[in-house]
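To start, the structure itself, in structure tokens.
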Amino acid sequence: MTRAIRAALVAATATLLPAASPADTIKVGVVAPFSGPFAIYGKQYQEAVETYVAQHGTSAGEHEIEFIYKDVGGPNPDQSRALAQELLIRDQVDYLAGFTFTPNALAVGPLIEQSQTPTVIFNAATSSINKESEFYLRTSYTLWQVSAPLAEWAYDQGMRTVATTVTDYGPGIDAENAFKAAFEAKGGEVVDAIRMPLSTTDFTPFIQRVRDAAPDAVFTFLPGGPPTFTYTKTYNENGLAEAGIKFLGTAETEEVNLQGLGDAAIGLTTAYHYSGAHDSDENRAFQAKLTELFPDAIANWASVGAYDGTHLIYQMVAAAGTDGPAAVEAAKTLEWESPRGPVKMDPETRTLIQNVYIREVARDEATGQLVNRETGVIATVGDLGWDK
């Protein structure tokens, strides 16, 4: 889009949006993939939102809350911007939420800045997003937040050489930079840094390159969905574990795909802010209500990001109604017990400060299912990439 067209869109949004009003119903627009290869995440967002509503009701303060869902399909910034504008102008929403992919989240920045619309990111994990507008808030994580602690843990476990393999776009580059900076600061060596095209479906050449380099470990980041499953399966099938090359990742062993990886996944190590196997009353209550409402649901990062995002929206609505700046200000001091553990909003980065868990795939003796078992915790980690 040209600069003139973008300016016109922003001006239209600012002109057509009504001023803050004491309306009884406050609308929240959720932009997410509900079709295509990433549709599972839109489904999980909606299920988590409905789980929170079932537990806490439909009102926050003096207001009723209504959610409106829009299907963006996948990584598509133009469509993301168009849907956000539709929600703001035609549906007259007071809050936005969702945004699985970084380009989609960034695309709405000018609109929310002009309309002063609090926008809660359920996933998109590039640190720089929240610098683009003070109206972005994030209830997921950032790649720096989980990758740097994993690098330090790997060095402390005796790993001295690592190859990195990341998808070549914003979050992947964040993950690569974070891991490399932290690992080298400890004294380790990144022997190869491989960036894979976003469209990659066959990871064999990259895995073979890692095997030829023979590092102590391979660190990887890929966007959630089919790529994570395919990459992890390729790692297993090409004998890297037998060659002594340890697997290090973030969401690559996500719960939705975990059973399909089979016993070959046992021992794969990731660092992440949530595991479906997290042992807490809050997580058990969340999962119990989730599966009561949706028997086939599997809780993962998408579920907890949307669940906590809904909590954040409820708190902002109760505190400030439709006043966007006041809502964001109220959010900056919030802290609560999440299904993932204790969290609090960082007032500067507007991203959650939270625990990062070292997870290892294991078979649960009680259920027979593969789980991401928490074997360690790095407590109260903020967005380590904010100043990078």
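The values are calculated or read from the model by the stated rules, or taken from the named source; none is laboratory data. On a predicted model such as this, the values are computed, not experimentally measured, just so you know. Note that we place each Cβ from the backbone using ideal geometry, even for glycine, and neighbour counts take in every protein chain shown.
Worth pointing out:
- The residues on offer are Asp24, Asp78, and the sole one that is at pLDDT 95 or above and either over 15 Å from Phe122 (Cα atoms) or surrounded by fewer than 15 Cβ atoms within 10 Å (Cβ to Cβ) (or both) is Asp78.
- Condition check for Leu268: touching a residue at least 60 places away in the same chain (Cβ under 8 Å) and touching a Leu at 6+ places or on another chain (Cβ under 6 Å): no
- Some residue of region 82-91 being crowded, with 18+ Cβ neighbours inside 10 Å, under 21 Å from the mean Cα position of the chain (by Cα) and without any contact (Cβ under 8 Å) to a residue 60 or more places away in the chain: yes
- None of Gln85, Gln92, Gln145, Gln116 is modelled with pLDDT of 95 or more and within 30 Å of Ala213 (Cβ to Cβ) except Gln145.
- Apart from one condition, Ile173 fits all of (1) closer than 30 Å to Ile245 by Cα; (2) touching a residue at least 24 places away in the same chain (Cβ under 8 Å); (3) not small (Gly, Ala, Ser); the exception is (2).
- Considering each residue of region 129-140 in turn, none proves to be among the hydroxyl-bearing types (Ser, Thr, Tyr), in a helix (DSSP H, G or I) and in contact with a strand residue (DSSP E or B) (Cβ under 8 Å, 6 or more places away or on another chain).
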